[in-house]
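Okay, structure first, notes after.
The values are calculated or read from the model by the stated rules, or taken from the named source; none is laboratory data. The structure presented is a predicted model; accordingly, all values stated were derived computationally and were not measured. Cβ atoms come from the backbone with ideal geometry, glycine included; neighbour counts cover every protein chain shown.
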Amino acid sequence: MIKRIREQIWFRILQACITILLFFVGSGAAAYGLYYWLRGTNITLPSSPFWGFILIQVAALIIMAMIATPLAFYAKRKSEKTFNLVITALQRIAKGDFSAYINPQERVDDEFGRIIMNINDMAIQLNELENMRQEFISNVSHEIQSPLTSIRGFARALQRTDLEPDMRAHYLDIIETESVRLSRLSENLLKLTSLESKHHPFDPKPYRLDLQLKATILACEPQWQEKQIEIEAEMPECMVIADEEMMSQVWINLIHNSIKFTPANGLITVRVDSDDPRHGPARIHITDTGIGIDLKAQKHIFERFYKADTSRNRDIGGNGLGLSIVKRIVDMHGGGITVKSALGEGTTFTVALPAPEEQAPQK
């Protein structure tokens, strides 16, 4: 990039030098021609070569001034107009108006043109960030307001003196459930914010991926046993270099999601493929026979707070942050995650972890 800028600077200098040289030569030639044309008329001119040379130089200066003055005035007006457009746009952006945009018809094809183009790009990107921020605040407010409304409503109901004991216990269970949802939302928000910062601990080390997946499946046993879901595992010995604690969150989120959206007596398969079991790369496929995800929703499932089925997610306590966390962790490892699904036919999440030498640095 620096080399390219340096080349552009030298090209501009060379271009300016050639233009000035041609301007001087052209003005001198015009003055020389004018002088000898006047000598051919009845106008009396000095016959001395010295004074003839002086007259030619004076004529050349006058010609240059006549050409340069209007050009300089035009360039000054054009630069002032462009400069004012830039200042006005920057002032609007500084005040938070990211809709500032300079009309392409008012651009100039020079350095100012590139500045204007970059300002327009900056305004567009800042506007997108502002929209994302507003949407994020709106989503957080909505997610917090919903359980708070439930807690407030059932807390008022508990104040009734004629409330039956079983109904009182039912209301208390709902309050506890909504409190857990709030706690989980807060925890996930803090986790996602930490992952997106530059200071989150990231400590990749070699470990047995197959053992980690088996431990995760066993830890989730109460959930899949309760729904009588069958778990099939195809996990040969596989070594990876990754942050074990962070990857544990990935498998917990994905397996929990499979259990949530798989009906009773369903099937979940966890399979590991590796080109080299000792060093990777590794591909982990988590497949379920659940409700599936439609094609439109698949494009957004890794976005914050996105829920393919809002009512279903609310019933099971989801907040739309789990897959965002998964995506961020996988990205930090230089890997990738994809989803393949169809409504009523189940879902397969595939996590690809690169070999150690292919892993990108943490971003």
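Data for the structure
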| item | result |
| --- | --- |
| Residue list for segment 298-340, restricted to those being aliphatic (A, V, I, L, M) and modelled with pLDDT of 85 or more | Ile301, Leu323, Ile325, Val326, Ile329, Val330, Met332, Ile337, Val339 |
| Options Leu213, Leu218; residue that is touching a strand residue (DSSP E or B) at 6+ places or on another chain (Cβ under 7 Å) and in the same structural domain as Gly322 (by TED's automatic domain parsing) | Leu213 |
| Every residue from segment 328-345 that is touching a strand residue (DSSP E or B) at 6+ places or on another chain (Cβ under 9 Å) and charged (D, E, K, R) | Asp331, Lys340 |
| Residue identified as within 30 Å of Asp97 (Cβ to Cβ) and surrounded by fewer than 16 Cβ atoms within 10 Å (Cβ to Cβ) among Ser186, Ser141, Ser194, Ser179 | Ser141 |
| Residue identified as touching a Lys or Arg at 6+ places or on another chain (Cβ under 9 Å), among the hydroxyl-bearing types (Ser, Thr, Tyr) and not assigned by TED's automatic domain parsing to the domain that holds Thr287 among Ser146, Ser179, Ser186 | Ser146 |
| Residues (modelled with pLDDT of 75 or more and under 25 Å from Gly334 (Cα atoms)) located in segment 181-190 | Glu187, Leu189, Leu190 |
| Cross-chain or 6+ apart pairs with Cβ under 7 Å, segment 79-104 first and at positive phi and part of a helix (DSSP H, G or I), then of a type in the set (Asp, Glu) and surrounded by 14 or more Cβ atoms within 10 Å (Cβ to Cβ) | none |
| Given (1) at pLDDT below 75; (2) more than 40 Å from the chain's Cα centre (by Cα), index of the condition Val58 fails | (1) |
| Subset of segment 180-233 [within 25 Å of the chain's Cα centre (by Cα), assigned to a helix (DSSP H, G or I) and among the acidic types (Asp, Glu)] | Glu187, Glu196 |
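Listed here are the residues, each with its yes/no results for (1) more than 30 Å from Ile137 (Cβ to Cβ); (2) touching a Cys at 6+ places or on another chain (Cβ under 6 Å); (3) crowded, with 16+ Cβ neighbours inside 10 Å; (4) modelled with pLDDT of 90 or more.
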| site | (1), (2), (3), (4) |
| --- | --- |
| His199 | no, no, no, no |
| Leu209 | yes, yes, yes, yes |
| Gln223 | yes, no, no, no |
| Asn253 | no, no, yes, no |
| Arg283 | yes, no, yes, yes |
